[in-house]
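**Student:** Next up is a structure, given as structure tokens.
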Amino acid sequence: MPAKNPYLGSLSILTSLFFMWGFITCLNDILIPHLKSIFILNYTQVMLVQFCFFAAYLIVSVPSGYFVERFNYQIGIITGLTLASIGCCLFYPAAEILSYPLFLAAFFVLASGITLLQVAANPYVTILGRPETASSRLTLTQAFNSLGTTLAPYFGGLFILALPVKTTDELKSLDVEALAVYQSAQAQLVQLPYLWLAGSLLVIVLIFALIKLPTVTPAEIEKRETDQPTNDNKNAWHYRHLVLGALGIFVYVGAEVSIGSFLISYLGETAIAGLSAQAASHYVSFYWGGAMLGRFVGASLMQRLPAGKLLAFNACAAALLVLIAMSGSGPIAMWSLLAIGLFNSIMFPTIFSLALNGLGKHTGQGSGILCAAIVGGAVLPVVQGLFADRIGLQLAFFIPALCYGYIAYYGWRGSRFGVAGGASVPE
């Protein structure tokens, strides 16, 4: 990012948002084995956590895009933070009454707030600076998102998995009274961490309510992109590279969330590492830490290399690592799956910025469409859970492998600017 960027101060403040929603989203990976044990769920049932969380992106994203265009990015950020704080507060009564449906509702409300944050913050970062460095700029701020996802498994394991998580067989051996005591003790571990998160979000709300962020209108966005290929389209859906990019976001988030959601269970497999849930939670940090490292490196590389080609390379590398994790065992399989985080690093911000390229006044709507595609994180983990219950957890990772295959295509050819039914403009 150029040192002379006049928006450097605003971008620095915005990084706090990326950190917070990364931290909160990654805590789902810790809560999945936790809730699976408390409520004695199979893989398909416990993946409803991710379904309810990421379904919010489908339901809330497009209205959020119109909300941001109607008001402004700063109001969108404040509203999103407030809604996310309310969602965190709902975890307290859900744990108190031991209600899985209320937990799922809390996930949905929390994710609705994060969705509005993403719809506002992601495109805001891409337009606060030169258009040609948008991918690099968004990748750099997303690195702080990865810092949150790297720290979350450690703190989640420390507080939420403080008590040993019992297996299904161990739970079946407990009598009714002992089971009730175990469930209550485990559920209460969730309450305090999420109250802390709610308080932290409200502090950030106060900060964003007091500061003055640059106001950028749709007309200014269009003016900034006069050097980009443009078309007088009525809405964002007419842009072919946006539609293909939305599918890219769908499969990318689905793959990333599927891998993260099953990591603790995968590392607990006897043939892989045989780790306890708490021990495995610390290794999850390597997965997300690789994404953080890769984003710092990627932000630099994309100053010199075409973003689409780098995206295609990373997707091919990730697909290869998934295949090794599916067919291998022991440390090789374990570290292959963990190493995928390094290659995931640039995927989301790169797909996002490439898909918004040249949309001009339709950037807000395009952002809403892309954030709606994050619903892949709701659908694909459930699909993988269905296969894990039937063919085994390790083989079920063929789902992410297919996803990375499509992302390689999008980076190589699908991301080229074009309109539906029209020719693409070469990069």
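The values are calculated or read from the model by the stated rules, or taken from the named source; none is laboratory data. All of these numbers come straight from a predicted model, not from anything done at the bench. Cβ coordinates were reconstructed from backbone atoms using ideal geometry, including for glycine residues, and neighbour counts include every protein chain displayed. These accessible areas exclude ligands, DNA and RNA; they are computed on the full protein's heavy atoms, side chains included. Shrake-Rupley method; radii C 1.70, N 1.55, O 1.52, S 1.80 Å.
**Student:** Over the Cα atoms of the chain, Rg to Rh with Kirkwood Rh, two decimal places?
**Tutor:** 0.97
**Student:** Amide H of residue 239 versus every other amide H placed in the peptide plane: which residues, excluding those fewer than 5 positions away on the same chain, fall under 5 Å?
**Tutor:** 420
**Student:** Only sites in a loop by DSSP and with at most 16 other Cβ atoms within 10 Å count here; which trypsin sites (Lys or Arg not before Pro) in region 1-102 make the cut?
**Tutor:** Sites meeting the loop and neighbour criteria: 4.
**Student:** Determine the sum of side-chain charges near residue 116: Lys and Arg each +1, Asp and Glu each -1, restricted to other residues whose C-beta is under 14 angstrom from that of residue 116.
**Tutor:** 0
**Student:** Another question, if that's okay. At 1.4 Å probe size, put 92, 252 in order of accessible surface, largest to smallest.
**Tutor:** Correct descending sequence by accessible area is 92, 252.
**Student:** Excluding residue 298 itself, calculate the net charge of residues whose Cβ lies under 14 Å from the Cβ of residue 298, where each Lys or Arg counts +1 and each Asp or Glu counts -1.
**Tutor:** +4
**Student:** Leaving ligands, DNA and RNA out of it, work out the accessible area of residue 52 with a 1.4 Å probe and give it in Å² to the nearest 10.
**Tutor:** 30
**Student:** Calculate the spin-label point distance for residue 75 paired with residue 320, positioning each point 7 Å from the Cα along the beta-carbon direction, and give it in nanometres.
**Tutor:** Calculated label separation equals 5.0 nm.
**Student:** ³J(HN,Hα) across region 265-274 via Karplus (A = 6.51, B = -1.76, C = 1.60, θ = phi - 60°), whole Hz, x for Gly/Pro?
**Tutor:** 5, 5, 6, x, 5, 4, 6, 9, 9, x
**Student:** OK, next. Around residue 261, what is the net charge, scoring Lys/Arg as +1 and Asp/Glu as -1 over all other residues with Cβ under 13 Å from its Cβ?
**Tutor:** Local charge sum for residue 261: -1.
**Student:** For the charge dipole of the chain, defined by +1 on Lys and Arg C-beta atoms and -1 on Asp and Glu C-beta atoms about the Cα centroid, which residue among 396, 195, 250 has the Cα displaced farthest towards the positive pole?
**Tutor:** About the Cα centre, the residue reaching furthest to the positive side is 250.
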